[in-house]
Each structure stands twice: as C-alpha cells, then as structure tokens.
Amino acid sequence: MKQEYLLGSTPPELFFVLGAISQYLGAALAFSLFDDLGVGMVAVLRVIGAAIILIVLRRSWNRSFNDLDMYWTAAFGIVLATMNLCFYLAINELPLGNAVAIEFIGPIAVAAAGRRSGRNLSSLLLAALGVLLLAEVTPEGSIVGFIFALLAGMLWAFYIILGSKVARTGAHLDGLGIGMLIGGLVISPASFGSFGHFVDSPLLILVALLTGFLANVIPYGIDQVVFRKISKPRFAFLQSLLPATAMCVGIIALQQRPSIEELFGVGLIIFAIVLRGRENEG
C-alpha cells in the first residue's frame, strides 16, 4: 500500500526526469560501442539485454500467454525495438540534434491528437519550439539519415499508443520484457555482420547488458508506470522533458556551458508544461 501511495503521489514529470537521466547514460555507453560492434549489433544487444534482465527480475516465465495478451505485447516489442534501431541508424548519418528534432514529430502528433483547447495547442507549440532550440539543428546530414529519423518518430508515436495499451492490460512490466525479447529477435538480422566481434570480446557482453539496463529497463519500465497514471496525449507532451534533462545533465556532469538559445529552450518547455498542467487541472 505504501509503494502504491508513493507511485500515485509522485508527479509524472519527476519520473520522466529520472528515466531520461538513465537513458542518456545508457546512450553514452551505446555510442562507445558503435566502432567495435556496429550500429545494428548495439541496437540488438541493447534490446535483448534489457529483455533478459527484466524477464529474470520479474520471473516472467511464470505468466501465461493469456495473461500477457501476446498480440499487443509482441506488437509493442517489435515497435520498440525497431524504433531503437532506426534512431541509431539515424544518428549514424545525421547530427544528434537533427535526429532528435525530426524524431520528435512522433510525440507531437500524439499530443496534438488530444484535447484541442487553445491552451493545450499553445503549450504544444511552445514545447516544440523549445525542443528545436535545444536540438541545435544544422544543415548537415544525409537523406538516408532523415528517413531513418522520420521512421523513428513514427514508431515513437506507435510506442506511446501501444505502450499505454500494454500498461493497462495484465501484461504490464512482464509484457515489456517479453515484448522486447520478441522485438530484439525481429531486428536481429541487423546484427549479423558484427557477430564475430561480439563473440571475441566477452567484456562487450557486460557493457551491452549495462547499456540495456540503463537505456531500456529503467526508462521504459518507468514509462509503464507513468502510462497508468496519465493519458497518451499528456505522456507524449511530457517527452519534451527529455532534451531539457539532457542539457541539465551536461551542465552538472560534464560542466558544459549552455548557450542563450538552449536556456531559452528549457524555459519554454518548463513554461509549456506549467501551462498545460493548469489546463488539465481546470
């Protein structure tokens, strides 16, 4: 009962910030593996590693197929895994800021599909502008990277829709783990060219597992908790906290100096969240 009270009373914004910190730490580890393993192998290991950790922690093998609602669980896992792969392929061809800005089209579309009051639409536009300022978009990159980033954004929208469905069924966190395992196997052909490097270095297995834990288990597990607390449009809207959190982590952990544009972008996102919060309360 105490755990349920804490989960129920904790603002979803705090969950998002904690998940974002873990996700960006995991992303930093993943980037360090690109040269050794290749983009496809890193994406596959991240998803399958996270799936194994979550399945073991939850002992998901004790759940029946009926409890897990396998149709939605499999669809959710395939979307999640493919979204991860497309984003990695995008940032291999585009500057990170460009990929983030393009990918954010997905959550914006889901958020725009919610209650269409003037205040909600205004807050959405302010948050989108804040993300663009934080992303530091440049004219660099390739059409291939643009296509992968756009696909990642479309899949992000489906991740929100299907993730909310799984969170509200009996599957919940078990569905997340088993779904990621199915999704990881579906995208596994992307890793075939790098399999030899993986086998030759057992240390990479540990790094991959840690990457999966930080970048998938914690943030996507938090998402499953938050999905039960708020609507899909509000969840999509709060995704704007991710780039803002990344900038704050850079300031604190890496002693980076943000530009005026970045500070203004964070301010816009915070103002937009407050504005939309008041609308939801009203």
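A few remarks follow.
- Matching residues in the range 123-168 - criterion: being part of a helix (DSSP H, G or I) and basic (Lys, Arg): Lys165
- Checklist (1) closer than 19 Å to Gly163 by Cα; (2) aliphatic (A, V, I, L, M); (3) touching a helix residue (DSSP H, G or I) at 6+ places or on another chain (Cβ under 6 Å) applied to Met70, failing item: (3)
- Number of residues in the range 83-122 that are at pLDDT 80 or above, of a type in the set (S, T, N, Q) and assigned to a helix (DSSP H, G or I) equals 2.
- Whenever a residue of the range 254-281 is buried (at least 16 other Cβ atoms within 10 Å of the Cβ), its partners that are at pLDDT 70 or above and among the acidic types (Asp, Glu), lying with C-beta atoms within less than 8 angstrom and at least six residues away or across chains, give the pairs Ile273/Glu13.
Conditions tested, residue by residue: (1) surrounded by fewer than 24 Cβ atoms within 10 Å (Cβ to Cβ); (2) closer than 20 Å to Val44 by Cα.
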{"residue": "Leu80", "(1), (2)": "no, yes"}
{"residue": "Leu85", "(1), (2)": "no, yes"}
{"residue": "Pro95", "(1), (2)": "yes, no"}
{"residue": "Ala99", "(1), (2)": "no, yes"}
{"residue": "Ala111", "(1), (2)": "no, no"}
{"residue": "Gly118", "(1), (2)": "yes, no"}
{"residue": "Leu125", "(1), (2)": "yes, no"}
{"residue": "Leu129", "(1), (2)": "yes, no"}
{"residue": "Leu132", "(1), (2)": "yes, no"}
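- Within the range 52-82, the set of residues being of a type in the set (Ser, Thr, Tyr), farther than 29 Å from Phe146 by Cβ and either in contact (Cβ under 8 Å) with a residue 12 or more places away in the chain or assigned to a helix (DSSP H, G or I) (or both) comprises Ser60, Tyr71, Thr73.
- As a summary of the residue check, Ala215 satisfies the conditions (1) modelled with pLDDT under 80; (2) closer than 19 Å to Glu103 by Cα; (3) assigned to a helix (DSSP H, G or I) except for the one numbered (1).
- Of all the residues in the range 126-152, those that are at pLDDT 90 or above and not aliphatic (A, V, I, L, M) number 1.
- If only residues of the range 207-225 that are surrounded by fewer than 23 Cβ atoms within 10 Å (Cβ to Cβ), β-branched (Val, Ile, Thr) and more than 11 Å from the chain's Cα centre (by Cα) are counted, the one that is farthest from Lys165 (Cα to Cα) is Val207.
- Qualifying residue in the range 21-33 (condition: over 16 Å from the mean Cα position of the chain (by Cα), closer than 19 Å to Phe213 by Cα, in a helix (DSSP H, G or I) and modelled with pLDDT under 85): yes
The values are calculated or read from the model by the stated rules, or taken from the named source; none is laboratory data. Note that the structure is a prediction, hence the values are computed from the model and not measured. Ideal geometry is used to build each Cβ from the backbone, glycine not excepted, and the neighbour counts take in all protein chains shown.
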